[in-house]
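> This is the structure, below, for whatever I ask next.
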Amino acid sequence: MKRFTLRLAFALAAAWVILITAWSAFYTEKLLRPACQRAETLSVPDFEPVTLTTSEGLALSGWWHPPQNSAVILLMGGLGASRDTMLPEARLLAGAGYGALTLDSRACAGVSGTLGLDEANELNALFDYAQRQSGVDWIGALGFSVGGVTVLRAAAANPELKAVIAQGNFANLHDEITYIPSTFLSPQWQAQRLVLLAYRLRTGLPARAVNPIDDIARIAPRPVLLVHGELELARTRGQDQASACPSAELWVVPNAGHGQYRALHPEEYTRRMRSFFDSARGHSNSVEVP
C-alpha cells in the first residue's frame, strides 16, 4: 500500500509538472505570436495604402496620410494590431493637420515578437518612410500597450523622434508577468516562473530586458505623454514611469481600464492628443481640417 501511495504521488506530481509547463508554454506562445487583428478595410478616405519593409525583411501593410503642417505621427498598436487598429487615432490627428502612418504588426506576417524590443524595427520602418516624404520636417509617435513600449524604446534610441505618447504600457516585463502576488512554490508562483523561463527560451532575452521605465528616462528633454487608466494604474506603474522622466506628463484617465481612454472620454482624449503634439511643436493651435 505504501509503495502504491508513493507511485500515485509521483504520478500526480509528474502530471502537474507536465500540465503547468504546457500551460506556461502555450500562454507565452500566445503573447509572442498573437492572432493578427486582420485589416478588413480595403480603402480609407484621405489615406493611401503603403507597404513597408523592416530591417528584418518583413513586408508589412500600412495606411499613410500626408501632413498639412509638416509634422507626421507614427502609430503603433498593441498585441496583434493591424494597420486598421490605430485608424481612429490617425483620423483625429489628420483632422488637426498632422500626417499619420499606421502599420500591421509582425504578428500579421506570422512572425514572433518580443513584447517591445524587436517591434522597434517596425517603428524604425515607419520613421524611415515618413522621413523620406516631401514636406516632412517633424516626426512624433503614439503607441498603445505593447505599441507604447515600442515607441518609448525607439525614441530612447532615436533623438529624431521629437515627442512620444505611450498609452497603457507596462513598466517592466518581468514585473508585469509577476504582478499578481504569489507565495513561494504556489501554483501561481510556478506558472509565473515558467512563463519567465519560456520567454527567455523563446527570445533569448530575460524579461527584465524589456524595461520601458529605463527607456523613458533616456528620452528627456523631449516631451512624453503617458496615458493610463485609473483602473490599471497600479499595475502599469504609470506614476513611477512619469517620475523617471523629467519631461514626461501623466494623464490618469478616470474610471478607465486598459484601452478604454477614448471610449470613455472622447472629447478630452482628442483634445489631449492634439494639444500635446501641438505644444511639442511649439504651436498653440493645430490646423483644423474640414
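> Which of the residues spanning the range 59-81 are within 27 Å of Leu32 (Cα to Cα) and either basic (Lys, Arg) or out of contact with any Asp or Glu (no Cβ under 6 Å at 6 or more places or on another chain) (or both)?
Scanning the range 59-81 gives Ala59, Gly62, Trp63, Ile73, Leu74, Met76, Gly77, Gly78, Leu79, Gly80, Ala81.
> Further question on the same structure: Would you point out the residue of the range 160-217, among those that are assigned to a loop (DSSP other than H, G, I, E, B) and of a type in the set (A, V, I, L, M), that is surrounded by the most Cβ atoms within 10 Å (Cβ to Cβ)?
Applying the filter and picking the extreme gives Val210.
> Consider Ala220 against the criteria (1) under 28 Å from Arg281 (Cβ atoms); (2) assigned to a helix (DSSP H, G or I): it satisfies all of them except one. Which criterion is unmet?
(2)
> What pairs come out if I take residues in the range 161-176 that are within 17 Å of Leu231 (Cα to Cα) and in contact (Cβ under 8 Å) with a residue 24 or more places away in the chain and pair them with residues that are of a type in the set (Lys, Arg) and open to solvent by 10 Å² or more (accessible area, probe 1.4 Å) whose C-beta lies under 7 Å away, six or more apart or interchain?
Matching pairs, first to second residue: Ala171/Arg237.
> Further question: In the range 218-248, which residues are open to solvent by 20 Å² or more (accessible area, probe 1.4 Å), in contact with a strand residue (DSSP E or B) (Cβ under 7 Å, 6 or more places away or on another chain) and over 14 Å from Gln167 (Cβ atoms)?
Passing the criteria: Arg222, Pro223, Gln239, Ser247.
The values are calculated or read from the model by the stated rules, or taken from the named source; none is laboratory data. Computed from a prediction, not measured in an experiment: that's the story for all the values here. Glycine also receives a Cβ, built like all others from the backbone with ideal geometry; neighbour counts cover every protein chain displayed. With ligands, DNA and RNA removed, areas are computed over all heavy atoms of the protein, side chains included. Shrake-Rupley method; radii C 1.70, N 1.55, O 1.52, S 1.80 Å.
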